[in-house]
Each structure stands twice: as C-alpha cells, then as structure tokens.
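Everything below concerns the one structure shown next.
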Amino acid sequence: AAQAFAFAARLEVDLAESQGVGRAELLSGASVHTRIAIELFERAGQRTPQLEPLWVSGRIERARGDWRDAELAFERCADLARRVLSVEYELHALMGLIGLARDRGDIHAVDRLLGRAALVTTPEAFWPLAREHAVLLLHTDRAPEALEFLERCRPQQGHWLAEWHALRGSTHQRLGDLVSARAAVAALEDLAQGELATLLRASIDLASGDPRAVIDALGVPLAQGSYSILGNAQGASLFGEACLELGEYDAASLWLEEALARAGGWAALQADPAPGSVFGEWIGL
C-alpha cells in the first residue's frame, strides 16, 4: 500500500509539472499520498523506500513555490540517501536543491551544490550534473570553458542528447560560431526535437542579423499548440525582438508583453519536466 501511494504521488507530480489544468488538485492529492506513504513505511520500519516520497515531497513544494519546505524535503531525502547508501536518490535530492537555487537566481548556491554532487559522482558519469556545471559556466560568461567541458561530457544515454546538442548550439552562438550552432540545429532535427530546433534556429537568425528569417521560422509563435509553456514564451520573445529589429515597434511591444506574461505563467508553475524548456530554463535565452 505504501509503495502504491508513493507511486501515485509521483505520477500526480509528473502531471502537475507538465500541465496547468487541475494542477492544484494534483499537487494536493500528491501531498496527501506522500504523507501516507511515509507514515506507512515508518510504521513498517522501512527506511530506504521512504526516499521516493521524500523526494516527491520536495518536488511538490517546489511546484507550489514554497522554497523553504522544498529545501527541507530535499535535504531530508539527501540525508537518508547517504545513510542507506543510495547514490541515485542522493543525486535526485541534490538536483532538486540545484533547481531551487536556480529558481531563486542564486548562482553561488548552485556552485556550492555542484560541489556536493561532485563528491557523489562525476559529470562524465551523470549528465544532469554536467549540464548544470556547463550552464553555470555560461551564466558566468565562460563560454570557451563551457564548450570544452561539454565536449568532454557527451552523455551516453540517448534521451539526454537533445539537451547536449542544444547547450552546444547555444554555446557556439555565444562564441559567434554560427556555422557550428546551425549544425546543432540539424542534430536536434535528426532527434525529432522540433521545438528546440526551431527556437535555436530563430535565435541564430536573430544573432546573424536576419530578423525576417526569425519571422519565417517561427510563424505565429503562440499558434504552436504543441510547444511547452516556456517554449511559447521564448517564441514570443524572439518574435518581438525580430519585429523590433524590423522597426515594427507596435508589434514588438505586443509580442514582448506577451512573452513576459507567458514567462510569468511558467514561473508560477515552477515546471521543470522536460528538455523542451532547456533554453529558457538553463540558458536564460
């Protein structure tokens, strides 16, 4: 029963992080289910199975925007994981803490937490750790180091390759190497990552001084029904910047205001589910 409640909570959080409809109810149900699961595991004298509901509790509070309770839940999960020798859940908890630090814009905390995670595994062995370190290098304007680091830490797992290509593309763009950045677009298209590829292509076109190509690439950003919340925000922002470059000031203002509204909606959701949001969330495009 405890395992069933824990799994139900995890499914509810997954849904809540990826959609806005019924989100409050999903988080409320997940909160009840994690509490019951932890109580049942404690009654049975089982410690290791408590890791999943503890980790999910941190995700629930992060999704609600309650950073303090989220931090406490992730720290409890990390502490228990160390005591029962679960590297997997210690890393889950540390990545949750890193996400909280990013939510607050606290780069120094991200740096400290990356140091903690590096005591558990290596960037070469664990792509999420490599990703966060590369982003920290980019945020501190160290793009050459970020590129060298990414080349050293290509993920072995296929499902992480889209993030790797996207980060490399953004890094090449920062360095002014638009040819290599466009090669990353082609790699994303080969992986069927349409949203990432389109947004990266539009960003490159804008950087190369071709705002009309941005308009052509994006069409009407908010008509892309399959885009993530943040993908729509980024599309609107790039569309607005292109209009600004073309001297279409009224349209630029409308699209940039729309981008702010969409980004605010994403921030309220505190979503962190998928590589579809890799640009805005990890690069700050």
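The values are calculated or read from the model by the stated rules, or taken from the named source; none is laboratory data. Being a predicted model, the structure only gives us computed values, none of them experimental. Positions of Cβ are backbone-derived with ideal geometry, glycine not excepted, and every protein chain shown enters the neighbour counts. Note: accessible area is taken over every heavy atom of the protein model, side chains too, but ligands, DNA and RNA are not part of it. Shrake-Rupley method; radii C 1.70, N 1.55, O 1.52, S 1.80 Å.
How many residues does the stretch 47-70 hold that are in contact with a Lys or Arg (Cβ under 7 Å, 6 or more places away or on another chain) and not hydrophobic (A, V, I, L, M, F, W, C)?
Here the count works out to 1.
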Breaking point among (1) assigned to a helix (DSSP H, G or I); (2) modelled with pLDDT under 90; (3) closer than 26 Å to residue 172 by Cβ, for residue 114: (2)
Residue check, residue 262 of a type in the set (Lys, Arg), open to solvent by 30 Å² or more (accessible area, probe 1.4 Å) and modelled with pLDDT under 90: yes
Tally of residues being over 19 Å from residue 93 (Cα atoms) and in contact with a helix residue (DSSP H, G or I) (Cβ under 6 Å, 6 or more places away or on another chain) across the stretch 42-55: 0
Matching residues in the stretch 132-154 - criterion: being closer than 24 Å to residue 198 by Cα and at pLDDT 90 or above: 134, 143, 146, 147, 150, 151, 154
Residue 181 vs. criteria under 25 Å from residue 129 (Cα atoms), among the aliphatic types (A, V, I, L, M) and at pLDDT below 85: no
Filtered residue count, the stretch 144-192, keeping only those that are touching a residue at least 24 places away in the same chain (Cβ under 8 Å), loosely packed, with under 15 Cβ neighbours inside 10 Å and basic (Lys, Arg): 1
Candidate set: the stretch 196-208, residues that are of a type outside the set (Val, Ile, Thr) and open to solvent by less than 30 Å² (accessible area, probe 1.4 Å); chosen: the one farthest from residue 227 (Cα to Cα): 205
Selection within the stretch 127-143 - in contact (Cβ under 8 Å) with a residue 40 or more places away in the chain and open to solvent by 10 Å² or more (accessible area, probe 1.4 Å): 131, 139
Residue match in the stretch 73-83 (condition: among the small types (Gly, Ala, Ser), under 18 Å from the mean Cα position of the chain (by Cα) and surrounded by 19 or more Cβ atoms within 10 Å (Cβ to Cβ)): no
Search result, residues across the stretch 1-37 that are open to solvent by 30 Å² or more (accessible area, probe 1.4 Å) and hydroxyl-bearing (Ser, Thr, Tyr): 18, 28
Criterion (surrounded by fewer than 17 Cβ atoms within 10 Å (Cβ to Cβ) and either among the aliphatic types (A, V, I, L, M) or closer than 18 Å to residue 37 by Cβ (or both)) met by exactly one of 107, 60: 107
